[in-house]
Amino acid sequence: MEMSSYFYYVQVHGLLNIVGWGTLLPVGVIIARYFRRFPIQYPWWFQAHVSCQLTGYVLGTTGWIIGLYLGKASKPYSFPIHALISHFLFVFATLQMLAIRLKPKPMDEYIRYWAMYHHLLGCALLAVIIVNVFRGIGIFTPNHTWKRAYIGLLGALALITLALEIFTWAKFMKGTNGTDPNRNGNKNKIGTNSSPQTQEVPQL
């Protein structure tokens, strides 16, 4: 493979993974946690959540396939740890996507255990995704431009998450003080007085 073609595919591989795994999947998590029922009830939250996850999965998988091609087409360039982590991500992200089809019915007694598994695996995936994105950026872009851009993107997502978390607790505390009758009237559906999210484990 010519060097110009190689670096072109490297950039496509990196961009697809950053947008797919590294951006859309975290956005889907934010939607599931904060727009499902509390603090903001958005009626189309599930469709938005699934759309982000599926689109991120398709883009990330496409980037992963390009990475496999690059690994086979350019033997002198070998990054086994980065490749191994990417295989791990693909396998467990696929399990997360299958969860859409395998989700128990709301009345099934084991739905809470399924939700905990889905939640914990999603959190672990996000952490590993971020680590591997930075590994990939460090390999191919030593000028740090992409690294700074991704740090800025993660910072923006972190600020949004922090703002929504503060809003969640503020609304929860307002409800427990008896100033929000609608919140109190629905507490059995969305949580107990110990935390704003205890009764339902957020889906990832």
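Read-outs throughout are calculated quantities, based only on the coordinates presented, and are distinct from any laboratory measurement. Nothing here was measured: the structure is a model prediction, and the numbers come from that model. Heads up, the Cβs are rebuilt from the backbone with ideal geometry, glycines too, and the neighbour counts pull from every protein chain shown.
State whether the range 3-190 is rounded, prolate or oblate according to the following rule on the C-alpha gyration tensor (a ≥ b ≥ c being the square roots of its eigenvalues): a/c under 1.5 gives rounded; otherwise a/b larger than b/c gives prolate, and the remaining case gives oblate. It comes out prolate by the Cα gyration axes. Report note on the peptides 101-108, 52-59: ranked by the mean count of other C-beta atoms within 10 Å, highest first, their order is 52-59, 101-108. Sort the range 124-173 into rounded, prolate or oblate with this rule: let a ≥ b ≥ c be the square roots of the eigenvalues of the Cα gyration tensor; rounded if a/c is under 1.5, and if a/c is not under 1.5, prolate when a/b is larger than b/c, oblate otherwise. Since a/c reaches 1.5 but b/c is at least a/b, the shape of the range 124-173 is classed as oblate.
In debye, nearest 20, what is the charge dipole magnitude of the range 3-190 about its Cα centre with +1 on Lys and Arg Cβ and -1 on Asp and Glu Cβ, if you could check? It comes to approximately 240 debye. Packing, as the average of other Cβ atoms within 10 Å across residues, places the peptides 110-120, 63-73, 13-23 in the order 13-23, 63-73, 110-120, highest first.
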